[in-house]
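Worksheet for the structure shown next.
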Amino acid sequence: METPRPKEIIGPGGPVARRLEGYEERAQQQDMAAHVTACLEGRRHILVEAGTGVGKSFGYLVPAMHHAHTTGERVLVSTRTIALQDQIDRKDLPLLAAVLPFEVPAVVAKGRNNYLCRRRLERAILLAADLFDEADARGRLMELKRWAEETAEGTKSDLPYTPEPALWEQVMAEAGNCSQRKCPHYAECFYQHARRRMEGSRIVVVNHALYFSDLALRIAGAAYLPDHAVAFFDEAHRVDEVATRQLGCELGPGRVEHLLSRLHSRRTAKGLLTALDLAGPKAAVAAAREAAREFFAAVGGWRKEQGRPEEDLLLGDSPFVANTLSGALSRLSSSLLQAADREALAEEDRMEVGQYAQRAAALARAAEILVDERPQEFVIWVEGRGPKLKLVGVPLNVGDLLAKHLYPARRCCLFTSATLATGEGPRGFDYIRDRLGLEKCDTVQLGSPFPFDRNVEIHLHRDLPDPQAGAPYEEALLARVKEELLAEGGRGLVLFTSWKLLERAKELAGELGAAGISPIFQGEGPVQRLVERKRRSPESALFGVESLWEGIDIPGDALTLVIITKLPFPVPGSPLVAARSRELEREGKRPFTHYFLPEAILRLKQGFGRLVRRGDDRGRVVLLDRRLLTRPYGRLFLRALPRCPLVIHEGEGETRRVEVEE
């Protein structure tokens with residue numbers, strides 16, 4: 001029997017339609033499957049913008065599973081959020097596995113440090129009195145042991161609680177701290193079991209952070225994830241951001257002290273060296289601790305001299321502090337290795353000491369890169385103060401690294417999201433193609449099947465001050481936010497571009513509360529918990545920045561109003577933004593046109609997309625930035641949004657309605 005094509009599998013009368021009650025044909029989903037299949041067969045990369053409601057998960061998962069079945073090649077699927085990863089793992093893949101006329105093994109992969117190591121757990125229980133400062137550490141370790149006998153997965157996320165970082169660090173699986181088949185727990189090892197499943201699977205689901213951490217390992221000559229011919233990236237509008245961070249490095253006093261205190265606590269004298277009775281390296285720990293104190297004090301002093309204490313500061317080519325840290329950390333690494341060789345240590349203790357030696361060497365190398373070498377292709381800056389002070393270095397253009405290390409080894413890379421294009425047609429993908437380093441690729445733009453033209457209105461306000469007016473704009477803005485929420489009876493999401501203005505919005509809490517509207521402010525708890533509160537209390541209003549612009553799902557009557565307070569342009573003073581702007585100027589390009597504008601358009605599309613999550617969702621998106629009407633670039637933002645009726649507030653109660661543009 002011939003294997004059906006992906007488009008047939010998800011089309012009318014196909015196995016997915018027969019399984020799903022209330023199946024609705026989605027022409028865009030079938031088009032996506034056809035385009036992805038063609039690129040898999042033609043060894044081409046592809047960018048797919050799939051509007052809300054297209055069902056893009058099936059649009060790429062079915063071609064992925066079909067390809068894995070017919071060729072035997074492995075496909076890695078990467079997502080940015082845990083929510084989507086869980087949806088694919090618990091909903092999409094099981095459904096497809098139940099209806100497809102062929103079998104494709106699939107697994108969700110997690111980083112090695114997420115798995116409990118039984119051997120290290122037994123060791124930590126034995127040495128608890130010397131390893132941990134806390135008196136009840138052994139009791140908590142015994143809880144972990146009882147859990148280890150019950151859990152099937154053995155990962156941190158499978159625990160009914162979040163373990164303390166210091167405790168988990170002593171029991172988690174580590175790359176350089178594993179005796180493989182020599183381990184008495186090898187047959188029942190959680191990580192090794194997961195590894196075997198991963199190697200035996202043709203579909204492996206990961207997150208962006210893990211994927212690009214693995215790419216960093218591959219650049220260095222190692223690997224964690226299994227080899228794969230195909231990589232699919234969902235929620236791809238943030239791939240360049242995640243890859244930039246994962247392919248960079250950072251260094252701060254907290255990270256250094258964390259390593260040193262695990263070896264030998266200054267306060268309690270406990271730690272690995274005490275547990276193993278290794279006196280030799282203690283002097284090297286003390287020397288490294290003093291070197292770190294002096295080094296980061298010098299970094300803080302340099303920052304103070306610049307006269308901009310609230311800003312993250314680019315290093316550039318300016319003189320910086322001397323690197324007095326790398327030598328001390330390198331000597332600590334050598335001292336640990338020498339002690340492990342000299343002392344009569346058991347093999348597992350030798351591995352433990354060797355792992356800490358590697359960490360010390362890695363921190364020493366980070367200091368060399370950030371302070372001494374300062375590679376031209378890197379952007380390096382200082383951020384934070386006191387214990388949160390740190391040096392950060394990331395690639396200036398991560399697309400160059402992807403072009404060199406990712407694409408040549410892949411048959412096909414798919415990047416998909418509801419927001420990839422800044423305009424219509426192939427040129428609308430120019431910005432994201434450049435950021436991702438994709439010189440040649442197919443591009444497909446699939447609109448949403450939802451009736452935006454009937455269910456959504458966009459409200460524009462010419463009757464507000466320009467955002468650059470400062471205080472007058474803020475006062476008028478907050479007054480308008482209050483009016484809109486009161487008129488809607490809550491049911492709103494208010495998106496800000498700065499924490500400062502979000503804090504000011506708390507002034508509205510009293511009046512909103514008196515009207516029966518419960519305000520929920522980002523920062524009051526984990527984002528997903530706040531979103532759940534909003535879903536349970538439709539009359540509430542959720543206020544937020546950053547992460548609330550994307551990735552949250554509040555369908556139905558709980559959200560009928562989205563207020564976007566300001567166009568989300570990148571912050572000019574950000575070191576990475578400043579460096580990219582300078583690079584564009586060197587290339588003879590305008591940073592506003594080639595960077596600020598496309599970034600803001602993509603971010604606005606994400607914020608807009610919070611309103612409509614289902615076909616019957618309806619409501620208003622209120623844009624409180626008059627520049628959409630007064631600046632020439634305003635029309636570029638509006639053209640990038642779904643076609644909806646516009647209601648323009650001119651002032652003094654005058655409004656003007658503009659129907660959907662064809």
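Residues of the stretch 138-161 being assigned to a helix (DSSP H, G or I) and modelled with pLDDT of 90 or more, which ones? Don't jump to the end; show me each part of the working.
As a first pass, look at the stretch 138-161 and keep what is assigned to a helix (DSSP H, G or I): 138-148, 156-158.
Selection gives ARG138, GLY139, ARG140, LEU141, MET142, GLU143, LEU144, LYS145, ARG146, TRP147, ALA148, LYS156.
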*asked:* Let me spell it out: the conditions are (1) farther than 23 Å from CYS644 by Cα; (2) among the charged types (D, E, K, R); (3) in the same structural domain as PRO568 (by TED's automatic domain parsing), and GLU457 meets all of them except one. Which number is the exception?
replied: (1)
_Just to check your reading of the model, which residue among GLU169, GLU188, GLU250, GLU257 is within 30 Å of LYS404 (Cβ to Cβ) and either surrounded by fewer than 22 Cβ atoms within 10 Å (Cβ to Cβ) or at pLDDT 95 or above (or both)?_
GLU250
*Can you name the residue in the stretch 211-229 that is of a type outside the set (A, V, I, L, M) and touching a residue at least 60 places away in the same chain (Cβ under 8 Å) and is also farthest from CYS413 (Cα to Cα) among such residues?*
TYR224
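Of all the helices (runs of 4 or more DSSP H) wholly in the stretch 1-58, which have at least 3 residues that are under 21 Å from HIS237 (Cβ atoms)?
Values: elements: 6-9, 15-19, 27-42.
Correct list: 27-42.
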*Could you list, in sequence order, the residues of the stretch 375-399 that are touching a Leu at 6+ places or on another chain (Cβ under 9 Å) and assigned to a helix (DSSP H, G or I)?*
VAL398, GLY399
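If we scan the stretch 375-384, do we find a residue that is under 30 Å from ARG635 (Cβ atoms) and either basic (Lys, Arg) or outside the structural domain of ALA223 (by TED's automatic domain parsing) (or both)? Reasoning before the result, please.
Going residue by residue through the stretch 375-384, those that are under 30 Å from ARG635 (Cβ atoms) are none.
The answer is no, given that none of the residues of the stretch 375-384 is under 30 Å from ARG635 (Cβ atoms) and either basic (Lys, Arg) or outside the structural domain of ALA223 (by TED's automatic domain parsing) (or both).
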_Looking at the structure I just gave you, is ASP86 in a helix (DSSP H, G or I), of a type outside the set (Ser, Thr, Tyr) and within 25 Å of GLY200 (Cβ to Cβ)?_
yes
*Residues satisfying the stated conditions in the stretch 459-504, i.e. under 25 Å from ASP557 (Cα atoms), charged (D, E, K, R) and touching a residue at least 24 places away in the same chain (Cβ under 8 Å)*: ARG480, LYS482, GLU484, GLU488, ARG491
_Exclusive hit being surrounded by fewer than 24 Cβ atoms within 10 Å (Cβ to Cβ) and touching a helix residue (DSSP H, G or I) at 6+ places or on another chain (Cβ under 7 Å), set THR52, THR37_ = THR37
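Is there a residue in the stretch 205-215 that is among the aliphatic types (A, V, I, L, M) and under 30 Å from ASN323 (Cα atoms)?
First, the residues of the stretch 205-215 that are among the aliphatic types (A, V, I, L, M): 205-206, 209-210, 215.
From the residues that got through so far, the ones that are under 30 Å from ASN323 (Cα atoms) too are 209, 215.
Yes, there is a match, as at least one residue in the stretch 205-215 is among the aliphatic types (A, V, I, L, M) and under 30 Å from ASN323 (Cα atoms).
Hey, does the stretch 460-477 have a residue that's part of a helix (DSSP H, G or I), over 27 Å from the mean Cα position of the chain (by Cα), buried (at least 21 other Cβ atoms within 10 Å of the Cβ) and not hydroxyl-bearing (Ser, Thr, Tyr)?
Yes: one or more hits.
For residues in the stretch 260-276 being surrounded by fewer than 14 Cβ atoms within 10 Å (Cβ to Cβ) and in contact (Cβ under 8 Å) with a residue 12 or more places away in the chain, which is farthest from THR324 (Cα to Cα)?
Among those that are surrounded by fewer than 14 Cβ atoms within 10 Å (Cβ to Cβ) and in contact (Cβ under 8 Å) with a residue 12 or more places away in the chain, it is THR268.
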*Go through the stretch 479-494 and count every residue that is closer than 13 Å to VAL622 by Cα and either in a strand (DSSP E or B) or aliphatic (A, V, I, L, M) (or both).*
6
*In the list THR416, THR422, which residue meets the criterion of being part of a loop (DSSP other than H, G, I, E, B) and outside the structural domain of GLY510 (by TED's automatic domain parsing)?*
THR422
*For the stretch 195-229, how many residues are out of contact with any Asp or Glu (no Cβ under 8 Å at 6 or more places or on another chain) and part of a helix (DSSP H, G or I)?*
17
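So which of VAL571, VAL545, VAL562, VAL531 ends up being in the same structural domain as ASP617 (by TED's automatic domain parsing) and surrounded by fewer than 18 Cβ atoms within 10 Å (Cβ to Cβ)?
Values: VAL545 fails: surrounded by fewer than 18 Cβ atoms within 10 Å (Cβ to Cβ); VAL562 fails: surrounded by fewer than 18 Cβ atoms within 10 Å (Cβ to Cβ); VAL531 fails: surrounded by fewer than 18 Cβ atoms within 10 Å (Cβ to Cβ).
Exactly one residue qualifies, and that residue is VAL571.
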*Is one or more of the residues making up the stretch 272-290 under 26 Å from PRO387 (Cα atoms) and assigned to a strand (DSSP E or B)?*
no
*Out of all the residues in the stretch 330-351, which are closer than 30 Å to LYS182 by Cβ, of a type outside the set (S, T, N, Q) and surrounded by 15 or more Cβ atoms within 10 Å (Cβ to Cβ)?*
LEU332, LEU336, LEU337, ALA339, ALA340, GLU343, LEU345, GLU348, ASP349, ARG350, MET351
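Residues to consider are LEU396, LEU401, LEU391, LEU370; find the one that is under 28 Å from PRO226 (Cβ atoms) and not charged (D, E, K, R). Before the answer, list the steps.
Numbers: LEU396 fails: under 28 Å from PRO226 (Cβ atoms); LEU391 fails: under 28 Å from PRO226 (Cβ atoms); LEU370 fails: under 28 Å from PRO226 (Cβ atoms).
That would be LEU401, the only listed residue that is under 28 Å from PRO226 (Cβ atoms) and not charged (D, E, K, R).
Look through the stretch 169-194, keep the residues that are polar (S, T, N, Q) and part of a loop (DSSP other than H, G, I, E, B), and return whichever of them is nearest to the chain's Cα centre (by Cα). Explain how you work it out, then say what you get.
Looking only at the stretch 169-194, we keep the residues that are polar (S, T, N, Q), and these are 170, 177, 179-180, 192.
This time we only want the ones that are part of a loop (DSSP other than H, G, I, E, B), so: 170, 177, 179.
Working: GLN170: 26, ASN177: 28, SER179: 32 Å.
Filtering the stretch 169-194 for residues that are polar (S, T, N, Q) and part of a loop (DSSP other than H, G, I, E, B), the one nearest to the chain's Cα centre (by Cα) comes out as GLN170.
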_Condition first: within 27 Å of the chain's Cα centre (by Cα) and in a loop (DSSP other than H, G, I, E, B). Now tell me which residues in the stretch 344-374 satisfy that._
ARG374
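The values are calculated or read from the model by the stated rules, or taken from the named source; none is laboratory data. The structure displayed is predicted, hence computed values, not measured ones. Cβ atoms come from the backbone with ideal geometry, glycine included; neighbour counts cover every protein chain shown.
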